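Any read-out appearing in this document is the output of simple, stated calculations on the displayed coordinates, not a laboratory observation. In this text the structure is predicted, and so the values were computed from the model without any measurement. Using ideal geometry, Cβ is built from the backbone for each residue, glycine included, and neighbour counts are taken over all protein chains shown.
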Amino acid sequence: MQEVNKFKLGLFVIAAIFLFVVAIACMGIFDQLKPKAQLVTFVSESVQGLANGSDVKYKGVPIGKVDDISIMTENQTIRIDISINLSSFRRKTDSSLTAASSITRQQFYDYLQSEVEKGLTCRIEPDGITGSKYIEMDFFKDTEEKTKTLSSGLINGVYHMPSTPSMMANLRMNLFEILVKIASIDFHGISTQLISLLNTANKTILAVDVESLVNRANEVANKLETTVNTLNTTITPAAVNKTMGDINNALVSVKTLSDNLNKITENSEVPATTASIRHLSDSLKNSSNSLQISLQKLNDAIDAVTDLVLYLNDNPSSVIRGKRGNTPKQK
């Protein structure tokens, strides 16, 4: 009886193992039967932590696995082959947002091409703190550099995707550039120039009579203090107040004078005064003309008297005999 029970137990265990193996095989077969799309991308950085079977995600959504990782001997880049499950993508069948159907491989490639033209790329990302990594497909804005592929688009049924250096690769590159720039600095030359500058400054300071400068500075300070004290003594509040009072009185006097002038101007007969001035000007002009004529006559009379005096001077006897007439010349 015990032998029969052991036989049944062994038969049950064998059947369970067989069914388990069959289930695993069916799951693998079913997974292989799912429609897939093949992608390939190239990276030039280390892929430590990335292995066959690593996840491939589109904006965080798992869409496939890494099939193979190989080295391209032509340009020392790493080739990563990827399988994409097309069942992860849907498209609307009508205007409803809930009705959707799976897409074909060609439709996926067309969709992928349009997204790549908008900036979709692949990048290796760390998967937590375990050290493992995965492939992320997204629109990365933190870097503009892209790894050049041998070709782009769909070639022989495989779509070639562009890739972007990971954040660690960018960090290492930036750190390397910083170290190169630091290494290019001539610290020895800077130190030599600094020492030379300090020596020159020391010589200049020693060559200057510092004590004399200090004494002159003290003298200037004393004179300035004396001047300030004198000003404080001279310019007292009473003097300032008196000066301000005089200024105010002068301003009041100017204002009063201005008001009086305005009143005199308003009360004066400006048109009559102007006419009188014009009449006086005309009278002066006429008097000036009469005076000019009288002066001309006086000038003529003076000329006649001058001629008479000259004639009497030359002929004194003419006073008795009178002026001779013109006698004809003898031939």
**OP:** Give the peptides 65-75, 13-23 in descending order of average Cβ contacts within 10 Å, highest first.
**Re:** 65-75, 13-23
**OP:** Name the residues whose placed amide hydrogens come within less than 5 Å of the amide hydrogen of Met161, ignoring near sequence neighbours (fewer than 5 apart) on the same chain.
**Re:** Val40, Thr41
Subject >> Shape call, the stretch 34-168: gyration tensor on alpha carbons, a/c limit 1.5 >> reply: prolate
**OP:** Have a look at Gln76, Ile129, Gln107 and report the one farthest towards the positive end of the charge dipole of the stretch 34-168, computed about the Cα centre with Cβ charges (Lys/Arg +1, Asp/Glu -1).
**Re:** Gln107
Original post:
Applying 1/(1 + (r/R0)^6) with R0 = 25 Å to the Cβ-Cβ distance of Asn299 and His279, what FRET efficiency is obtained, to the nearest 0.05?
Top reply: 0.25
Subject >> Across Lys65/Lys92; Lys36/Lys92; Lys36/Lys118; Lys203/Lys223; Lys65/Lys141; Lys141/Lys181, pairs whose alpha-carbon gap is larger than 29 Å >> reply: Lys203/Lys223
**OP:** Step through the residues of the stretch 38-51 one at a time and calculate ³J(HN,Hα) from phi using the Karplus curve (6.51 cos²θ - 1.76 cosθ + 1.60, θ = phi - 60°), rounding each to whole Hz and writing x for Gly and Pro.
**Re:** 9, 10, 9, 9, 10, 10, 10, 10, 6, 10, 4, x, 9, 9
**OP:** Decide, for the stretch 208-264, between rounded, prolate and oblate: order the square roots of the alpha carbon gyration tensor eigenvalues as a ≥ b ≥ c, take rounded if a/c falls under 1.5, and otherwise choose prolate if a/b is larger than b/c, else oblate.
**Re:** prolate
